[in-house]
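The values are calculated or read from the model by the stated rules, or taken from the named source; none is laboratory data. Just so you know, these numbers come straight off a predicted model, no measurement behind them. Neighbour counts are summed over all protein chains in view; Cβ atoms, including those assigned to glycine, are modelled from backbone coordinates with ideal geometry. To get the accessible areas, we keep the full protein, side chains included, count just its heavy atoms, and leave off ligands, DNA and RNA. Shrake-Rupley method; radii C 1.70, N 1.55, O 1.52, S 1.80 Å.
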Amino acid sequence: MERTKAWKTFPFAKLERSGMEAEEMVRPHTSYLKDVWRAFKRRKTALVSAVILLILVVLVLFGPMMNPYNYYSNDYTAINSPPTAQHWFGTDTLGRDLWTRVWVGGRVSLLIAILATLFPFLIGMVMGGISGYFGGKVDMIMMRCIDILMGIPAMIYNILLIVVLGSGNISTLIIAFTLTGWMGSARAARGMVLQIKAREFVMASKTLGASPARIIFRHLLPNTLGIMVVGVTLTIPMIIFAEAFLSFIGLGVAPPNPSWGQLISIAAEVFKSYPYQFIIPCAFVSLTMLCFNLLGDGLRDALDPKLRA
Amino acid sequence: MADQVLFELKSVSKHFQVKNAGVLKAVNGVSLTIYKGETLGLVGESGCGKTTLGHTMVKLYKNDGGMITYKGRDIWDFNRRQNMNYHKNVQIIYQDPYASLNPLHVVRQSIAEGLEIHKLYKGKKRTERVMELLRMVGLNQEHANRFPHEFSGGQRQRIGIARALAVEPEIIICDEPVSALDVSIQAQIVNLIMRLQREIGLSYLFITHDLSLVKQISDRIAVMYLGAIVELAPAQSLYEHHYHPYTSALLSAIPIPDPEVEKKRKRIMLSGDVPNPINLGGGCSFRSRCPKAAKRCELECPQLKEITPGHFAACHFAE
């Protein structure tokens, strides 16, 4: 009884509200990159990998300046010297300082790795974007061409190209890797474009009269970029390895220019007597590849659209 | 209501080839007229081709049969300039506010896209225009530099509306703009859409499956069933007299917000399912569920005919 009375005396009053007022926003403003960074920070292995890579890049850039030697002059008083206070990583069979050679070689290896990954990715994304957006016959023809090109084993193709283009310089390697490497990313980009182009913001752009180029470059490709970046970081170690392999069999960078593969190749001949000459560049190749792989994994998790609203 | 015709659809069809199954006639001979300044409601159940029709009108699909004319000209006969002009004048608001904005573009970029494409308003004026549009749809200027994922569904729909309004269109096709929102927000968005019509004098093709909503906002209503218009009438007239049994069934399904009346409400329950829209035979497509179905309905497909002035129905028994 008491309750009924209370109900009667304090009826619910209708609140005035304007239908036009949109809801307020409470969440502070965060940018896309900030969100990614927050997710990335939580993956410790990826973070550590990124830091190690950063240190490697600094050493590659400034390492050669830290001692008085250069990568090509010989010190006949210290041939095959083990690591000492003068020669921090020792010297090779011609008395060249290995500390300097490792970092100068790292410049070459990383430069090739980064450029020979970026170029094929850019080409692949544009190709995949065109193929996926237009679909139909265009898509069919482009995909069959890619199938055929992918049917040729990449390493044979690479070696042939290097033989034709002339071995021994960096640009040859980059061109060869670009020509053999764009197909995979074209396929990946096409797949993502096919998914994204059915989304309504792409249709909205079309109904506004946007040109295909605008749709591909403003809407489709930028939205594949997050996942493509992961592909890039995972391809870099493969290119480092391929470059090392080609240099090892004498098709890479010509001596006296060092690269990591070149250093390993020279050191392999004296591996039993002077293992440090072999182990040191090997260790850096392995470390770099491992870090790029772990970084790629971490980025994939951080950028995964399924973990983000 | 001015009598200037904006859109005229003459037995428009859009068919899809379905692998190993045949032809899906999503839109099958639709004839409609949309006048300047009016709101034409298009209702029908899921899968009846409402959205396909809307998308055909904004040239996302090319119609397989029939003709769509805009201000008297076939929309597929435009030259480049006329085509751009068409895209400026005919805009669409999409159903899913979560998929209709590019996640990488801040609101300002999304809204300004049409301005960029059509080279409207240069430099500082363009920013001012974006701010004005934000105000028009009830958002703040601080929202301009935020990303879509920071907004709620209703707010995103407002952004979608601002994007469509930016190019000053004559007609907006609203493709179920509120069906993904919850009811309180639905009211806000519908009020916004109607206010904009009063202020700017827009025309709407309002696609929805919400019958009580369409009654509120439409001047005329078209009822669609399996790719065809079965009844077309001024809103008031349709709710007072309906001649097609499908319309009657639909209208009887509207709940009434009064428990006393609601209890007495009689629903017409349709028996049977929607027939497979792939490879429909001849005859009336509604006959499998129609209480009035007769021999004639199997043989002959009923055409839209004028029952009373301005009120059309496609049923053999309509009088």
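Taking the Cα centre of the protein assembly as shown as reference, the dipole from Cβ charges on Lys and Arg (+1) and Asp and Glu (-1) amounts to some 540 debye. By DSSP, the beta bridges lying fully in chain B are antiparallel in about 60 percent of cases. Helical runs assigned H by DSSP (4 residues or longer) give the protein assembly as shown a calculated mean residue ellipticity at 222 nm of -16000 deg cm²/dmol, each run adding -39500 (n - 2.57) before division by the residue total.
Spin-label pair B:K71-A:L111: with each label point 7 Å from Cα along the Cα-Cβ axis, the two points sit 6.0 nm from one another. Helix B:153-166 and the long axis of chain B differ in direction by around 80°, with both axes built from C-alpha atoms. By the beta carbon rule, with partners counted only under 4.7 Å, chain B holds these lone Cys residues: B:C48, B:C174, B:C290, B:C301, B:C315.
Which of the listed residues, A:F241, A:S211, A:I162, is farthest toward the dipole's positive end in the range A:157-309, when Lys, Arg count +1 and Asp, Glu count -1 at the beta-carbon? Result: A:S211, furthest along the dipole toward the positive end. Qualifying trypsin sites (Lys or Arg not before Pro) in the range B:17-69, where qualification requires a DSSP coil assignment and no more than 13 other C-beta atoms within 10 Å, comprise B:K19, B:K62. Of the trypsin sites (Lys or Arg not before Pro) found in the range B:207-278, the ones in coil according to DSSP and having at most 13 other Cβ atoms within 10 Å of their Cβ are B:R265, B:K266, B:R267. Of all stretches in chain A that contain no trypsin sites (Lys or Arg not before Pro) in a DSSP loop with at most 16 other Cβ atoms within 10 Å, the longest one is A:43-271. Overall, the accessible surface of the range B:166-319 at a probe of 1.4 angstrom is composed of carbon and sulfur to the extent of 54 percent. A prolate overall shape is assigned to the range A:81-121, the ratio a/c of its alpha-carbon gyration tensor axes (a ≥ b ≥ c) being 1.5 or greater and a/b exceeding b/c. The residue among B:V106, B:G123, B:I75 whose Cα reaches farthest toward the positive pole of the charge dipole of the range B:1-157, with charges on the beta-carbon of Lys, Arg, Asp and Glu, is B:G123. What is the list of residues in the range A:163-178 whose amide nitrogen lies under 16 Å from a point 7 angstrom out from the Cα of A:I148, following Cα to Cβ? Hits in the range A:163-178 for A:I148 at 16 Å: none. Can you tell me the orientation of helix A:44-62 relative to chain A, as the angle in degrees between its alpha-carbon axis and the longest Cα principal axis, to the nearest 10? Relative to chain A, helix A:44-62 is tipped by roughly 40 degrees.
Qualifying GluC sites (Glu not before Pro) in the range B:63-157, where qualification requires a DSSP coil assignment and no more than 15 other C-beta atoms within 10 Å, are lacking entirely. Return one number: the angle in degrees, 0 to 90 and rounded to the nearest 10, between the long axis of the Cα atoms of helix A:154-165 and the longest principal axis of the Cα atoms of chain A. The answer is roughly 60 degrees. With a Förster radius of 56 Å applied to the C-beta separation of B:K305 and A:A213, the computed FRET efficiency comes to 0.70. If R0 is taken as 35 Å, the Cβ-Cβ distance between B:Y239 and B:N276 corresponds to a FRET efficiency of 0.65. Of the solvent-accessible surface of the range A:190-260, computed with a 1.4 Å probe over protein heavy atoms with every protein chain present, carbon and sulfur atoms account for 72 percent. With a Förster radius of 22 Å applied to the C-beta separation of A:A85 and A:M65, the computed FRET efficiency comes to 0.80. I'd like the residues of the range A:218-245 whose 1.4 Å-probe accessible area shrinks by no less than 30 Å² going from the isolated chain to the full set of protein chains. So the qualifying set is A:R218, A:H219, A:N223. In terms of its C-alpha gyration tensor, the range B:171-231 comes out oblate, because a/c is 1.5 or above while a/b does not outweigh b/c.
Going by a ≥ b ≥ c, the root eigenvalues of the Cα gyration tensor, does chain A fall in the rounded group (a/c under 1.5), the prolate group (a/b larger than b/c) or the oblate group? It is oblate, given that a/c is not under 1.5 and a/b is not larger than b/c. Compared with the direct C-alpha span, the chain from B:E168 to B:E128 gains 12.9 nm at full extension, assuming 0.36 nm per residue.
For the residue pairs B:K36/B:K62; B:K10/B:K119; A:K206/B:K305; B:K50/B:K305; A:K34/B:K119; B:K25/B:K305, the C-alpha atoms sit more than 28 angstrom apart in B:K10/B:K119; A:K206/B:K305; A:K34/B:K119. Farthest towards the positive end of the charge dipole of the range B:223-301, among the residues B:H242, B:C301, B:C290, is the Cα of B:C290, using unit charges on the Cβ of Lys, Arg, Asp and Glu. Per residue, the convex hull spanned by the alpha carbons of the protein assembly as shown comes to 246 Å³.
So in the protein assembly as shown, what percent of DSSP beta bridges are antiparallel if you round to the nearest 5? Of those bridges, close to 60 percent are antiparallel. How large a share of the accessible area of the range B:1-98, in percent, is made up of carbon and sulfur atoms when the probe is 1.4 Å and the other protein chains stay in place? Of the solvent-accessible surface of the range B:1-98, carbon and sulfur hold 45 percent. With only Lys, Arg, Asp and Glu charged, each at its Cβ (+1 for the first two, -1 for the last two), find how big the charge dipole of the range A:163-296 is about the Cα centre; round to the nearest 20 debye. Roughly 680 debye for the range A:163-296.
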